[in-house]
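Just so it is clear, none of the values below were taken in a lab; they were calculated from the coordinates. Keep in mind that what you see is a predicted model, and the values were worked out from it rather than measured. Note: ideal-geometry Cβ built from the backbone for every residue, glycine included; neighbour counts use all protein chains shown.
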Amino acid sequence: AQKITQTQPGMFVQEKEAVTLDCTYDTSDPSYGLFWYKQPSSGEMIFLIYQGSYDQQNATEGRYSLNFQKARKSANLVISASQLGDSAMYFCAMREYSGTYKYIFGTGTRLKVLA
Amino acid sequence: DTAVSQTPKYLVTQMGNDKSIKCEQNLGHDTMYWYKQDSKKFLKIMFSYNNKELIINETVPNRFSPKSPDKAHLNLHINSLELGDSAVYFCASSPGHGNYGYTFGSGTRLTVV
């Protein structure tokens, strides 16, 4: 079974609008962490935002927020006021512990922001 | 100053050769990683070191051997390169194994011909 699922291979959004990128996860570790990364066409990986499994509030970092729904095991990334520079691949990732630490990335969602 | 630097950025080599990729971080992080990103952009962890100690060793052919001379360096040596090894290899570091985001290097694009 997939540990991290990103069901949207590609998304379009109009500039200045908000967009939600979906991520669902599966783990039996009660203490896990969820991350989002951005990979622009230049290839580097950029850490965006983190959510801990025990965090009561949704994480926010500037225009990025994480819509954490623990019961549904979802950790969707919301980008507000999209900019052209937001066009990139976005990866959801999870850290869990099961005897050793495991870090698992989703397959990514390619976001294209339209002018 | 580059936080996590990998060299080389590009590597083209023939099948059967042995090559190394170097990684250095100047962030004072305790934990370093190697990830492989395939042509479909899928990222898979290969190794993780914490203070020079191997923590994660995923199912990776033993042709791949990481070496961490100190906690600021994690090099990847690959023996007998195969066509399927062609990928982008990312080095990353984090303050520990806790809930920290990684800082990634810029990647090394390896092409085996």
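The gain in end-to-end length when the residue A:41 to residue A:54 segment is fully stretched comes to 1.3 nm, 0.36 nm per residue minus the alpha carbon separation. Per-residue mean of foreign Cβ neighbours for A:98-108 is 5 (Cβ atoms of other chains, 10 Å radius). Neighbour counting of Cβ atoms within 10 Å sorts the residues A:97, B:35, fewest neighbours leading, into A:97, B:35.
Note that the protein assembly as shown shows a convex hull volume over its alpha carbon atoms of 129 Å³ per residue. For the options A:70, A:102, A:38, a Gaussian network treatment of chain A with springs between C-alpha atoms closer than 10 Å singles out A:102 as fluctuating the most. Using Cβ point charges alone (K and R +1, D and E -1), the dipole size of chain A about the Cα centre works out to roughly 140 debye. Computed on the range B:7-113, with alpha-carbon pairs under 8 angstrom and 6+ residues apart, the relative contact order is 37 percent. Derived from the Cα gyration tensor, the three semi-axes of the equivalent ellipsoid of the range A:15-66 are 22, 15, 11 Å, largest first. Cβ crowding within 10 Å ranks A:12, B:64, A:105 as A:12, B:64, A:105, fewest other Cβ atoms first. Highest mobility in the GNM of chain A, judged by mean-square fluctuation with C-alpha springs under 10 Å and restricted to A:27, A:100, A:60, is found for A:100. With N as its number of residues, chain B has a Cα radius of gyration that, divided by 2.2 N^0.38 Å, comes to 0.99. Evaluated with a Cβ-only charge set (Lys, Arg +1; Asp, Glu -1), the protein assembly as shown carries a dipole of roughly 320 debye about its Cα centre, given to the nearest 20. From least to most packed, judged by other beta carbons within 10 angstrom and beginning with the fewest, A:21, A:84, A:48 follow the order A:84, A:48, A:21.
Dipole size of chain B about its Cα centre, with +1 on Lys/Arg Cβ and -1 on Asp/Glu Cβ: approximately 240 debye, rounded to the nearest 20. Rg/Rh, computed from the Cα trace of chain A with Rh as the Kirkwood radius, has the value 0.97.
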